[in-house]
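The values are calculated or read from the model by the stated rules, or taken from the named source; none is laboratory data. Computed from a predicted model, the values in this text were never measured in an experiment. No Cβ is skipped: glycine too gets one built from the backbone with ideal geometry, and neighbour counts run over all protein chains shown. Protein only, heavy atoms only, side chains kept; ligands, DNA and RNA dropped before computing areas. Shrake-Rupley method; radii C 1.70, N 1.55, O 1.52, S 1.80 Å.
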Amino acid sequence: LLCGALEDKEIARNFVQVIENEADRMASLVKDLLQLSHMDFEKVVWDMDHVDLKEIVSDSVKKLEVYFKEKNQSLVLDQSDDRVPIYADRGKIQQVVINLISNAIKYTPENGRIKISTQIVDKNAIFVVEDSGIGIPKEDINRIFERFYRVDKARSRELGGTGLGLPIAKEIIEQNNGSIDIKSEAGKGTEVVIRIPVYKK
């Protein structure tokens, strides 16, 4: 821009768009690194409370509705008729739910299908995101929770991934006494399952 491109409005706009995209990506990376660092050194303040996982999921889906529509993806929402009570940090659990649904949207092509369910099974609150997306190759599954590990580096970079979303999700879920598992096959979609103990008075 300083070398003269600033004078050409169209070229200048393209350069500024690149700057904005890269700045956003860098901000996301720094934010994720700080969050992981705080977790590593046990500096995170957990706001634990009695919350409804079903309500958290419904709210998250509403926040992401526009992105489903942009890609014309069909969404199947299958939730328990009753509350799904857990004792957890609402904000951080919602961060995980939004991250997992966002991943499903990103890696599922247009007109694809995403199923989200929230149920109680064997004293556990179960949250599942299942998509018909590009899937994960068998050799990558065991490394998916490693920090900075990305299955398709070029595609992840293009879509704004930092390689830290899943490690953060795993850390948050485990700190909330839960577990997270991923089943996937290249070209056949991915299923992510979260289990958190049901809270009962």
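List of remarks:
- Listed conditions (1) over 20 Å from residue 176 (Cα atoms); (2) under 19 Å from the mean Cα position of the chain (by Cα); (3) open to solvent by 80 Å² or more (accessible area, probe 1.4 Å) are all met by residue 10, apart from (2).
- Close contacts from the range 54-75, counting a first residue that is under 20 Å from residue 126 (Cα atoms) and touching a residue at least 60 places away in the same chain (Cβ under 8 Å) and a second that is in a helix (DSSP H, G or I) and open to solvent by less than 10 Å² (accessible area, probe 1.4 Å), with Cβ to Cβ under 7 Å and a gap of 6+ residues or different chains, come to 57/97.
- Flag if residue 55 is touching a Leu at 6+ places or on another chain (Cβ under 9 Å), modelled with pLDDT of 90 or more, within 30 Å of residue 176 (Cβ to Cβ) and open to solvent by 50 Å² or more (accessible area, probe 1.4 Å): no
- Residue 45 meets the conditions (1) at pLDDT below 95; (2) closer than 16 Å to residue 173 by Cα; (3) surrounded by fewer than 16 Cβ atoms within 10 Å (Cβ to Cβ); (4) under 16 Å from the mean Cα position of the chain (by Cα) in every case but one. The failed one is (4).
- Residues located in the range 58-72, provided they are of a type outside the set (A, V, I, L, M) and open to solvent by less than 20 Å² (accessible area, probe 1.4 Å): 60, 68
- Of the numbered criteria (1) surrounded by 17 or more Cβ atoms within 10 Å (Cβ to Cβ); (2) modelled with pLDDT of 95 or more; (3) touching a strand residue (DSSP E or B) at 6+ places or on another chain (Cβ under 9 Å), the one residue 111 fails is (1).
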